[in-house]
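All remarks here apply to the structure that follows.
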Amino acid sequence: MTLILEDIAGHPALDRCVQEQSLALLGIYEASPRLAAVFATQQRWLLGHVGLAMHFRRDPHDRRKELTIARFIEVVRQHDVASRNTAEAFIREMLYYKIAEYVSEHEDGRTRPLRPTAATIEVFTGWIYAHLKTLDRLDDGNRLIRFLERPDKLRCLQPIVADGLLSSKPVREPKQTFSLFIWLNNGGIVMDWLMSGIDPDHAGLDRIPTSVVSIGEFADWLKLSRTHLARKLRAAEELGSIGWLGRRGRSVMWVSSQFYQEYMTVQAAKLAIIDAAFDACFPAPENG
């Protein structure tokens, strides 16, 4: 049975399961930081999902359905994800860093078919693994095993996930502190790191301790500007969403209960979308 958002958000094991998921996502980032960075801000994350969905939905016998720069820009604009210039800059960056590639070397222009590289598909598959494992932990399911038996089903699964993310209000219109970070380079990774260092047993506190002490070390690991990260953290501090148990930068950082719940709400919404997509691609066998 598909887990809906309310089931997931209210599950007593969610805190611990999402902590493990955050650690898995950080592992993906460490292994492939440039590839993982595609999914590290909300806008780039959605742009990446749009491109992958177009790739998986392509029809090699119908040029009108191929992933091209022109079509990518058109779909991005239809869903109000980014401006025309941002969409084109994103896809050209993906080509430059070999995250995407041209299908043929004998064509040019904005109608030349593209595809994600094999390395990109591998990293995204790891993202799917992490979330299916979380869902399995919540209900003792076997989604990951079933997916590993049919990895070709990624072609079915990812476009449905993309559709769900693009139409999800909790994902596209998160609350105030979460919104601060989703526009920061690697902002998603920032939040994953903050949340991965939280003891799930402390999740009910008003001020929840993290494992972060040094902003400098935090910024260096994420390859972020210390000044830019500090500015975002200061804005979050002014909202009462983060703080330090003692002297700023010399003691453990805490996150507020509200910020923690904002993060968990987005995770629950995302997991519900992935589970609905999984059930659509892996229907349960009929009894009898």
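Once the cut-off is 25 Å, how many percent of the Cα-Cα pairs in segment 141-288 end up in the long-distance tail?
Result: 41 percent of Cα pairs exceed 25 Å.
Which angle from 0 to 90°, rounded to the nearest 10, does the C-alpha axis of helix 42-56 make with the longest principal axis of the chain?
In the chain, helix 42-56 runs at an angle near 30 degrees to the longest axis.
Scan the chain and hand back the longest stretch that contains none of the chymotrypsin sites (Phe, Trp or Tyr not before Pro) lying in DSSP loops with at most 14 other Cβ atoms within 10 Å.
Counting only loop sites that pass the neighbour cut-off, the longest clear stretch is 184-288.
Counting pairs on different chains as well as pairs 8 or more places apart, how many Lys pairs in the chain have Cα atoms under 25 Å apart?
Count of close lysine pairs: 14.
Report, to the nearest 10°, how far helix 154-166 tilts away from the longest principal axis of the Cα atoms in the chain, using its own Cα long axis and a range of 0 to 90°.
That works out to roughly 60 degrees.
Averaged over all directions, how much area does the convex hull of the C-alpha atoms of segment 176-263 cover when projected, in nm²?
Its average projected convex-hull area is 4.9 nm².
Is segment 200-249 best put as rounded, prolate or oblate by its Cα gyration tensor, with a ≥ b ≥ c the root eigenvalues, rounded for a/c under 1.5, and otherwise prolate when a/b is larger than b/c, oblate when not?
Taking the square roots of the gyration eigenvalues as a ≥ b ≥ c, segment 200-249 is prolate.
Toward the positive end of the charge dipole of the chain, about the Cα centre and with charges on Cβ (Lys, Arg +1; Asp, Glu -1), which of Leu138, Gly27, Gly188 goes farthest?
Gly188
Which FRET efficiency value, to the nearest 0.05, do you get for Asn85 and Ala13 by plugging their Cβ-Cβ distance into 1/(1 + (r/R0)^6) with R0 = 45 Å?
The value I calculate is 0.55.
Only four residue types carry charge here, +1 at the Cβ of Lys and Arg and -1 at the Cβ of Asp and Glu. Report the dipole size of the chain about the Cα centre in Debye, rounded to the nearest 20.
The dipole of the chain has a size of about 960 debye.
Return the distance in nm (one decimal) between the two label points of a simple spin-label model at Lys223 and Arg247, each offset 7 Å from Cα along Cα→Cβ.
Taking the two extended label points, one gets 3.3 nm.
Have a look at Thr265, Gly246, Phe72 and report the one farthest towards the positive end of the charge dipole of the chain, computed about the Cα centre with Cβ charges (Lys/Arg +1, Asp/Glu -1).
Farthest towards the positive pole: Phe72.
Would you work out the charge dipole size for segment 1-79 about its Cα centre, treating the Cβ of every Lys and Arg as +1 and the Cβ of every Asp and Glu as -1, and quote it to the nearest 20 debye?
With Lys and Arg at +1 and Asp and Glu at -1, about 540 debye.
Separation between the Arg57 and Lys98 pseudo-spin-labels, each 7 Å from Cα along Cα→Cβ, expressed in nm?
3.0 nm
Within 13 Å, Cβ to Cβ, of Tyr96, how many net charges do the neighbouring residues add up to if Lys/Arg are +1 and Asp/Glu are -1?
Taking every Cβ under 13 Å from that of Tyr96, the sum is 0.
Compute the long axis of helix 226-238 from its Cα atoms, compare it with the longest principal axis of the Cα atoms of the chain, and write down the angle in degrees, 0 to 90, nearest 10.
That works out to roughly 60 degrees.
Report the per residue volume, in Å³, of the convex hull enclosing the C-alpha atoms of the chain.
Hull volume over Cα atoms, normalised by residue count, gives 136 Å³.
From the C-alpha gyration tensor of segment 5-172, pull out the three semi-axes of the equivalent ellipsoid (sqrt of 5λ each), sorted largest to smallest, in whole Å.
The answer is 30, 17, 16 Å, longest axis first.
Read-outs: derived from the displayed coordinates by stated rules, not from any lab. For clarity, every value in this text was computed on a predicted model and none was experimentally measured. Here Cβ is always computed from backbone atoms with ideal geometry, including for glycine, and neighbour counts include all displayed protein chains.
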